[in-house]
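A short write-up of the structure that comes next.
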Amino acid sequence: MATINNVTIINTNTAAAEQVESGLQRTICSPDLCDSTNLTVYRRTILEGRQFDVDAGEDYHLIYVMQGSASGHVYFNADDHAAEEGAGVLLTPGDSARFDAAGSDLELLQMITPKPPAAVEDGLPGGPGYFFNRRTLRALSDASGGRVRRFCAESSVRLLDGNRLTPTNAIQAGEMHYNEGGASPYHAHNGTDANPDGAAHVYMTFKGRGKVDVGETSQEIEPGTLVYFPPGVPHRLNAHGGPLDYFEIQAWRSFKTTILSDEPLGLKWYYERHAPDAPLVEWNQS
């Protein structure tokens, strides 16, 4: 039976920091550190008055502002955006962006995954990349009312005009909020024919405290805790002692989720209504 010892738990607050031109760089998940096939994650501190330039090269990069300032800047595709909390960019191969820290330091979460094979993309074009912020992302609520999520990257999420949020299956990622008492079903993610090794699956806690269950064992997590789940390891996450905010990542986005607990609500999610009289629409995850 799997236990909490089958997952990797890292305190990113005390992880070794390398001094780089833009500030501080912490490697918090990688194939060497977490055995995270297809995913490397950095926590970056861009010191006030400095900038971070990123060129995606042949990979996909998702860069998310954990802490920022409306005085800071995100430059992408010749546009200038506020580097505020919850903003960021999805960079597809060949894209580039710049983050300028002004008014305060910037705390960034940078996720990198290689270009997936055609079978994973399943006909998706792979690009273009885009800028996002929390105000423009569609919120989803689970059927229990205990959880709310906002994907920054997810190919099955539809915008109000019917277009996909994300034109690639390279990465699925976004904010998660658990109300007090909120919990996920006990579940496991396994590989697919297109991605037989399974997805690299990571939680990064921002605010509040949680508890991760694996089998009969558990581990409390706090702000700055990163948890990496190898494919196939069953788990459940609970808010513990109040609300919980964290960031969730899967790369590549080709996996099968199996619900292992007897919960009729399962993984049913609904788009939050864009108007009070709008119909309730279920999120089709296929």
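General observations
- Modelled FRET efficiency - R0 45 Å, residue 1 with residue 122, Cβ distances, 0.05 increments: 0.85
- In this structure residue 40 has an accessible area near 30 Å², from a 1.4 Å probe over the protein heavy atoms.
- Paired Rg and Dmax values of the stretch 156-221, which use every Cα atom, in angstrom: 15.4, 45
- Taken over the stretch 141-286, the convex hull of the Cα atoms encloses 116 Å³ per residue.
- Stretching the chain fully between residue 256 and residue 180 yields a gain of 24.6 nm (0.36 nm per residue, less the alpha carbon separation).
- Relative contact order %, the stretch 1-140, counting alpha carbon pairs below 8 Å whose residues are six or more apart: 24
- In Hz, Karplus ³J(HN,Hα) per residue of the stretch 181-197 (6.51, -1.76, 1.60; θ = phi - 60°; x = Gly, Pro): x, x, 7, 8, x, 6, 8, 9, 10, 10, x, 10, 4, 6, 9, x, 6
- Our helix-only sum for the chain, with -39,500 (n - 2.57) per DSSP H run of n ≥ 4 divided by its residues, gives a mean residue ellipticity at 222 nm of -500 deg cm²/dmol.
- Counting only lysines at least 8 places from residue 211 when in the same chain, those with an alpha carbon closer than 27 Å to its own are 256, 268.
- Hypothetical label at residue 135: residues of the stretch 71-96 whose amide nitrogen lies under 16 Å (7 Å Cα-Cβ projection): 71-74, 80-88
- The spacing between the stretch 185-225 and the stretch 19-97, judged by their C-alpha centroids, is 23 Å.
- With a cut-off of 14 Å between beta carbons, the residues surrounding residue 141 carry a summed charge of +2, where Lys and Arg count +1 and Asp and Glu -1.
- Extension reserve of the residue 104-residue 268 stretch, reckoned as 0.36 nm per residue once the Cα distance is removed: 55.1 nm
- Rounded to whole Hz, the Karplus (6.51, -1.76, 1.60) HN-Hα couplings of the stretch 140-154, x for glycine and proline: 10, 10, 7, 5, 7, x, x, 9, 10, 9, 10, 6, 8, 9, 5
The values are calculated or read from the model by the stated rules, or taken from the named source; none is laboratory data. Fair warning: this is a prediction, and the values are worked out from it, not measured in the lab. Positions of Cβ are generated from backbone atoms using ideal geometry, with glycine treated the same way; all protein chains shown enter the neighbour counts. Note: accessible area is taken over every heavy atom of the protein model, side chains too, but ligands, DNA and RNA are not part of it. Shrake-Rupley method; radii C 1.70, N 1.55, O 1.52, S 1.80 Å.
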